Every structure is written in C-alpha cells, then in structure tokens.
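The values are calculated or read from the model by the stated rules, or taken from the named source; none is laboratory data. All of these numbers come straight from a predicted model, not from anything done at the bench. Virtual Cβ from ideal backbone geometry, glycine too; neighbours counted across all protein chains shown.
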Amino acid sequence: MIRPAVVLNYIGKIVVIIGIAMMTSVFWSIYYQEEIIWRIVLAALITIIAGLLLSRIDKHGKSLNYREGFAVVTLGWVAASFFGTLPFLLSGYMPSFADAIFETVSGFTTTGATILTDVEALPKSLLFWRSLTQWLGGMGIMALFIAIIVGMGTRANQIFRAEIPGPVSDKISPRIRETAKILWTTYVVMSVVLFFLLYIFGMDVFDAFCHTFSTMATGGFSTKNQSVGFYSSPYIQWTIIIFMFIAGTNFSLHYFAYKKRSLKGYIQNREFKLYSGIILVAAALCAVGMSQIPAMEEKIRTSLFQVVSIITTTGYGTADYDQWSALGKSVILILMFIGGCAGSTSGNIKVGRHLIMLQRAAIEIKKMIHPKALIPVRLGGRVISIDLVVNVLQFFFIYMAIIFIGTITMGAMGLDLLSGFSAVATCLGNVGPGFGLVGPTQNFGFMPDVGKYILSLLMLLGRLEIYPVLVLLMPSYWKE
C-alpha cells in the first residue's frame, strides 16, 4: 500500500536540499553584480518553502515500505528536476518550460545535452547552477539524501541500490548510510583536488568550479561555447582526461585504495581492467585516422580526450569527432553503448554488465561442448547469481528496445536516421553529444517541445537505470 503522505514527506526533504544548493548561486550573482539576483533568491526560497511544506505533511516521519521506496527514488528525481527549472524560468533566460526542463534534467542526470546556442550569454549564476545540478546528480541526489538524513529506516538500502549505477552496488560499510557518506566524502575530496589543479593550470576560480562539477559528475556542461576546446593548455586537457577516467571508475576502488594504501584493488578488478583496455584500444584506433594532426602528443591527447569523454558519458569536446574518419566515428558510436564502471558517476549500460554478458556468452558456448558443466559467472571476485545474469540480460533487451522505439519516434518528428538514433542513444545513455544534427558542435534547441519532453524522460530512465521508473508505470504497483 502506498501512503502518499509518507512519500511526500521524504520528497519534501529532498526538495529542501535542492533549494539550499540553489541558494549558493546567489553568491555569484552578488559577485558579478547581476540584475537577476532577486529572481535567483526567489527561486531558491520557493523551492525551500515548498520542500518544508511537503515534509510537514507526515509529521511522524514513518519509515518507508518497499513500494514507497521506488516512489521516493523516481518522484524525488522528478521533483528535483521540476524545482531545478525555477532559476531558468524566473530569470527569463529560458521562458519555455520545455527548454528549462530539458536543461535541468540534462544537468541532474549528468547527460550534458543542451538547448543553448550561446552558453556564454547566460549570467554566471545560471551557469553555476547549471554545473552544480550535474555535481549533485553525479554521485546521486538520493545518496546525498541518505548520507544527510538520519532515520531513513530499512529502505535506505533499497533507495541506494535503485540509484547507484551498475549491476552490483558495493557496500563499503554494513550500514548503508555510512557507505553513502564515504562515497560522497571521496567524491568531495577528489573534486577539491581537481579544482585546485584546474586553477593552478590557468582557469579562473569560477570556471574551475564549474568544470570541476561537470568533470567529476561526468556531466559535460561547460561555461564556454567551445567546451574544453576553449582551453588550449595541454595541462588542463590532460588533467580533465585523468579525472574523467577516475570519475568513470568504481568509487569503491578509490576508497579502498586510499584506505589500504595499495593499488592492488584496481589491478585485480576485472571490470576496471576491461574499462582501461577499451579506452586504450579505442584511443589508438581513433588516433590512426588523425592525419590532420601532425604532432604525436596532440594526436594522442585529442583522441584520448574524446574517447574518455564519450565512454565515461562526460560529453566534453576538444574536437569535432563528427568530422573524423569513418573508423574514428565508428569507434565513438560504439563507445556510446558502453559506459564507465559500476559505482561510478558515468551513465550508460556499464562495463560490468557487458562483462557479465560476455562471460555468459562464453559459458553458453562451452556448455555446447560440455552440457553438464557448471560454470559460474564472476564479477569483482564474487559469483554472480543466475537471477542477476537474467536481470542484466533483461536490462540490455529493454535498453535496446527503448532505443529502437525512440528512434522511430524521432523519425516521426522529421529527424534523419543518424540524428534521431544518436539523439535517443546519447540521452538514454546520459552521454550528451551525438551525431548529425545533435553532434558535438550542435545542440538540441531545434527539437519540438514534445521531442524535448521525450528525451528528458529518456535521460531520467537512463540515470535511474530503467527499472525504478518502469515499476511506477505498472498498474500492479498501485494495487493494494
């Protein structure tokens, strides 16, 4: 049975967190003496007050039941996206709700797709909020919620598992709240390190903040129209490459490497090794066709930057890969269906799921020779149950089915096959840029409003990894 008052109580607390975070944009409005300062303040106050009112509906703070956990996850993200549009709407820079919701959902889901033609025309406070939405969504709004709010009850584990991406959610601590706190602490510490490196290598404080948020969240929003390509400094580009790679790695590995003062966890992790191997091979293949770049270091840096940016679903750009050779474009297209590691901030299918499917395929071939053999699937040193294998296969099937249906829908709106297919794939995979009309130098502003709403839904489906959203759409979920 769903108790609306209990669900709204928890959603209200999430909205309050969003409102408090929104208030930080006011500092930049004051610093740059922007005329929209009071509109940003109004947006934050509306959000905080609405959150407080919602949280007062259930004054007793009852624990969630199983069904309510799914509702809090999905509706919490919807509420965060809805209230996150207010700075854009009230400022007047995005008067269309379709544009505002697309940009906000793209931010919170760390997709990085944008409707903006001229990013630099936005006030600094809006650019900061735009980047901050990605940082909040990177490690997860629900994970932050669990880390902050005391007394979540037994459903904290369900909420955590529903949001943290990947087939397996690692519990660093037996207490799920402690796990969420450790992951967020690791995330914050790495963000601080990246901020100082970007500042040392030439970014001003504001741009360093914004690019830190987008890089660690593997989101891809930039304060510049040319994205990271605006910064010609190899030091900045190499720094972002390294931290995109780090952000695309399971954060549990980072924590244990620090705690044990050893890199052994990375070396022994099969998912991490496959993730690293894919990047090296893909970068080498892309570099082969770059005859237009004579300098070897620049060629390696350009190919590696774009490969890491796409596989981690960051979506930054230093080059227009839509103009690359057929080999380079093919590699980039394939990377749009891979993603980073489970437990990272990146989106997409995830290397872990591909590893499980590859192992299962190999086992099926072996069983044709040895029908009675019992060969388990392993991931991260543990045996994977057949139920999880089935779950992964179902996820992949539903994922591809959504892409096929989405592509047909985009075609019905007049998009050519490549543009429509890549728009759906890049939004569902939370990648950002695609090919054709939605390529790395283009934007989604030309899409009709209905198209923006559909792609916003796909971004949300991709960030929550489909199941939590689909559960709410099933009639049986709402029956007692």
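Computed values, structure above
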quantity	calculated
Residue check, SER232 farther than 28 Å from LEU127 by Cβ and either in contact with a Pro (Cβ under 7 Å, 6 or more places away or on another chain) or in a loop (DSSP other than H, G, I, E, B) (or both)	no
Qualifying residue in segment 413-422 (condition: in contact (Cβ under 8 Å) with a residue 60 or more places away in the chain, surrounded by fewer than 22 Cβ atoms within 10 Å (Cβ to Cβ) and part of a helix (DSSP H, G or I))	no
Residues of segment 312-350 classified as among the basic types (Lys, Arg) and not in a helix (DSSP H, G or I), total	1
Subset of segment 387-404 (residues that are under 15 Å from PRO468 (Cα atoms) and free of Cβ contacts under 8 Å to residues at least 40 places away in the same chain)	GLN394
Number of positions in segment 258-284 that are surrounded by 16 or more Cβ atoms within 10 Å (Cβ to Cβ) and part of a helix (DSSP H, G or I)	11
Tally of residues being in contact (Cβ under 8 Å) with a residue 60 or more places away in the chain and under 15 Å from GLY220 (Cα atoms) across segment 237-251	7
Residue list for segment 38-82, filter: touching a Gly at 6+ places or on another chain (Cβ under 6 Å) and either surrounded by fewer than 18 Cβ atoms within 10 Å (Cβ to Cβ) or closer than 19 Å to LEU136 by Cα (or both)	ALA44, THR47, ILE48, GLY51, SER63
Failed criterion for ILE49 (all others in (1) at pLDDT 95 or above; (2) within 27 Å of the chain's Cα centre (by Cα) hold)	(2)
Sole exception among (1) of a type in the set (Gly, Ala, Ser); (2) assigned to a helix (DSSP H, G or I); (3) within 26 Å of the chain's Cα centre (by Cα); (4) at pLDDT below 95 for ALA287, by number	(3)
Positions within segment 104-140 being charged (D, E, K, R) and surrounded by fewer than 24 Cβ atoms within 10 Å (Cβ to Cβ), in sequence order	ASP118, GLU120, LYS124
Flag if LYS181 is of a type in the set (Lys, Arg), at pLDDT below 95 and not in a helix (DSSP H, G or I)	no
Test: residue in segment 127-149 that is among the basic types (Lys, Arg), under 23 Å from GLY339 (Cα atoms) and either touching a Leu at 6+ places or on another chain (Cβ under 6 Å) or at pLDDT below 80 (or both)	no
Single condition LYS62 does not satisfy, out of (1) within 22 Å of ALA121 (Cβ to Cβ); (2) at pLDDT below 90	(1)
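For every residue, the table says whether it meets (1) among the aliphatic types (A, V, I, L, M); (2) at pLDDT 90 or above; (3) farther than 26 Å from SER276 by Cβ; (4) touching a strand residue (DSSP E or B) at 6+ places or on another chain (Cβ under 9 Å).
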residue: VAL351; (1), (2), (3), (4): yes, yes, no, no
residue: MET368; (1), (2), (3), (4): yes, no, yes, no
residue: VAL377; (1), (2), (3), (4): yes, no, no, yes
residue: LEU428; (1), (2), (3), (4): yes, yes, no, no
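Residue-by-condition table, conditions (1) among the aromatic types (Phe, Trp, Tyr); (2) over 16 Å from GLU271 (Cβ atoms); (3) touching a residue at least 12 places away in the same chain (Cβ under 8 Å); (4) surrounded by 24 or more Cβ atoms within 10 Å (Cβ to Cβ):
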site: GLN306; (1), (2), (3), (4): no, yes, yes, yes
site: ASP320; (1), (2), (3), (4): no, yes, yes, no
site: SER325; (1), (2), (3), (4): no, yes, yes, no
site: THR345; (1), (2), (3), (4): no, no, yes, yes
site: ILE349; (1), (2), (3), (4): no, no, yes, yes
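This table checks each residue for (1) closer than 23 Å to MET142 by Cβ; (2) crowded, with 20+ Cβ neighbours inside 10 Å; (3) modelled with pLDDT under 95.
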| position | (1), (2), (3) |
| --- | --- |
| ARG177 | yes, no, yes |
| THR186 | yes, no, yes |
| PHE196 | no, no, no |
| PHE201 | no, no, no |
| PHE209 | no, yes, no |
